[in-house]
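J.: One structure is given below, represented as structure tokens, and several questions about it will come after.
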Amino acid sequence: LYSFLGLLYQEYRDKSTREEIETRRLQDSQTDPEETSPSEETPSEAEPTSPIENKAPPQINLLRNSNSRFNLWQDLPEVQSSGVLSILQPDEIKLQEAMFELVTSEASYYKSLNLLVSHFMENERLKKILHQSEAHILFSNVLDVMAVSERFLLDLEQRVEENIVISDVCDIVYQHTVNHFSVYITYVSNQTYQERAYKQLLQDKPAFREVISQLELDPKCKGLSFSSFLILPFQRITRLKLLVQNILKKVEEKSDRESTALDAHKELETVVKACNEGVRKMSRTEQMISIQKKLEFKIKSVPIISHSRWLLKQGELQQMNGPKTSRTLRTKKLFREIYLFLFNDLLVICRQIPGDKYQVFDSAPRGLLRVEELEDQGQSLANVFILRLLENADDREASYMLKASSQSEMKRWMISLAPNRRTKFVSFTSRLVDCPQIQCVHPYVAQQPDELSLELADVLNILDKTDDGWIFGERLHDQERGWFPSSMGEEILNPKIRAQNLKECFRVHKSDDSQRRKLGSRNRQ
């Protein structure tokens, strides 16, 4: 079954994101508005064409035909021979392709999941090596995830076979997301345990390492690693949301199909957020316990661990020791090291002491912090900013003159300490007509809490940038914000494409404007 699919899901995903990048590059290079192909322009206000109804369709049996190798809906022989391509408007053909991609990519995903189960999980040698509890942590509820994917795929397949012109798929996405997709939250929340268990097994059990290596070499795996199979469910649920967004951008405005796409998107967004929260919650709790153990209070003790608190940024800065006479300057250091732990609701200021411990000498609620940059103060005061605590541990106002190691480090601290400060460019949530944009051409994994992990083809608004190669961006599809190296992306120079990206983004989120505003304010925290 599904042998028609030449591609495993990992290959499909890589291929489709690279195509997306190339399409955008091509559009971006067409600087003359007249050159842009009409199909890529802002959708006109023309009367939308409804899909052809009541045309007796030949049975497609798309997912059962083992000789089938079609990537595009319009390449299906049944579609080619039916004559619908000459009747449908170009916009409707694009919409058909977007819906068809959701179906074929689910089939590709199911094929990869099937391989994870049959080739790895059910391997007899692997079963003998793994204790039952280890196997459970490693594979989690993947059988539930696969069963959900199969049921979803069968419903999608049935819809495609009803009529060669697909009526809709988002109503099916909605039903399955509401009723079945909670299995994804369980799987993804287990990810931290899963990664840790996998590393531990590779380290402690040479037999495990050997079997996994041999299984990975099987031609069935097409050179893909075991871990690329384990991460499939998280990648799929995120991708599914983007595929629905893609449909949403192409449906007629104020139509039934727009309404079902908005409903499906909203439900998927809820699941994706719950998945992200599940992952974060576990790592955050462990991190808070570890920090609490390292802190010693010189001032009145503040309880650090709270279920609603997490770390935003930590690191060393130089504190300026205040005015000195010129003679003292030669003998005394102008700056001394201090160490900051910034949480989402609290700042603690420490000095590092022997034994990997930190002595806390001041603190303040995060809402009572203000920052100010020192402009053009010469080399000795480069990357220096002033941090004001409106109410510190002694209930007094306090000021610290702090020096960072680089311009990007200074800006990152300033944005983290005072999130409501204006950035260099205004965020898209302000509905500004134009704002610099960048598309990701190299994936990036966040190394610090204030950084943003990037996937290929992500499009972001640039909110700030530094001379030493860092960008503070806001991703259009989910409004997540964070820093990343500028070398990971290519700036989108064509204002027409930037405007189109924004327009599509507003459309995707229009169903819940108030939620978007809430989201924007939460991400500024």
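The values are calculated or read from the model by the stated rules, or taken from the named source; none is laboratory data. Quick caveat, the model's predicted, so the values are computed rather than measured. Note that each Cβ is placed from the backbone with ideal geometry, even for glycine, and that neighbours are counted across all protein chains shown. Ligands, DNA and RNA are excluded from the accessible area calculation, which covers all protein heavy atoms including side chains. Shrake-Rupley method; radii C 1.70, N 1.55, O 1.52, S 1.80 Å.
J.: For segment 240-263, which residues satisfy the criterion of being more than 13 Å from the chain's Cα centre (by Cα), within 13 Å of residue 98 (Cβ to Cβ) and of a type in the set (A, V, I, L, M, F, W, C)?
T.: Answer for segment 240-263, where residues must be more than 13 Å from the chain's Cα centre (by Cα), within 13 Å of residue 98 (Cβ to Cβ) and of a type in the set (A, V, I, L, M, F, W, C): 243, 244, 247, 248, 251, 261.
J.: Can you pull out every residue in segment 75-91 that is outside any helix (DSSP H, G or I) and of a type in the set (Gly, Ala, Ser)?
T.: Answer for segment 75-91, where residues must be outside any helix (DSSP H, G or I) and of a type in the set (Gly, Ala, Ser): just 83.
J.: Restricting segment 194-208 to residues that are exposed (fewer than 14 other Cβ atoms within 10 Å of the Cβ) and among the basic types (Lys, Arg), which is nearest to residue 273 (Cα to Cα)?
T.: 196
J.: Across segment 477-497, what is the total count of residues that are under 20 Å from the mean Cα position of the chain (by Cα) and open to solvent by 10 Å² or more (accessible area, probe 1.4 Å)?
T.: Selection size over segment 477-497: 11.
J.: From 243, 295, 232, which residue is of a type in the set (A, V, I, L, M, F, W, C) and over 30 Å from residue 15 (Cβ atoms)? Don't jump to the end; show me each part of the working.
T.: Numbers: 243 fails: over 30 Å from residue 15 (Cβ atoms); 232 fails: over 30 Å from residue 15 (Cβ atoms).
Answer to the check: 295.
J.: Looking at segment 379-407, which of its residues are small (Gly, Ala, Ser) and either open to solvent by 10 Å² or more (accessible area, probe 1.4 Å) or not assigned by the TED database to the domain that holds residue 351 (or both)?
T.: Those that are small (Gly, Ala, Ser) and either open to solvent by 10 Å² or more (accessible area, probe 1.4 Å) or not assigned by the TED database to the domain that holds residue 351 (or both): 380, 382, 393, 398, 399, 405, 406.
J.: Can we say residue 415 is at pLDDT 90 or above and closer than 30 Å to residue 16 by Cβ?
T.: Working: at pLDDT 90 or above: yes; closer than 30 Å to residue 16 by Cβ: no.
When the stated conditions are applied, residue 415 does not pass them.
J.: Now for a different question. Return the residues of segment 153-192 that are within 20 Å of the chain's Cα centre (by Cα) and of a type outside the set (A, V, I, L, M, F, W, C); say none if nothing qualifies.
T.: Those that are within 20 Å of the chain's Cα centre (by Cα) and of a type outside the set (A, V, I, L, M, F, W, C): 177, 182, 184, 186, 187, 189, 190, 191, 192.
J.: Here is a check on your reading of the model: is residue 111 closer than 30 Å to residue 182 by Cβ, touching a Leu at 6+ places or on another chain (Cβ under 9 Å) and basic (Lys, Arg)?
T.: yes
J.: Note down all Cβ pairs under 7 Å where the first residue falls in segment 436-452 and is on the phi < 0 side of the Ramachandran plot and in contact (Cβ under 8 Å) with a residue 12 or more places away in the chain, the second is in a loop (DSSP other than H, G, I, E, B) and hydroxyl-bearing (Ser, Thr, Tyr), and they're at least six residues apart or on different chains.
T.: Pairs found: 444/453; 446/453.
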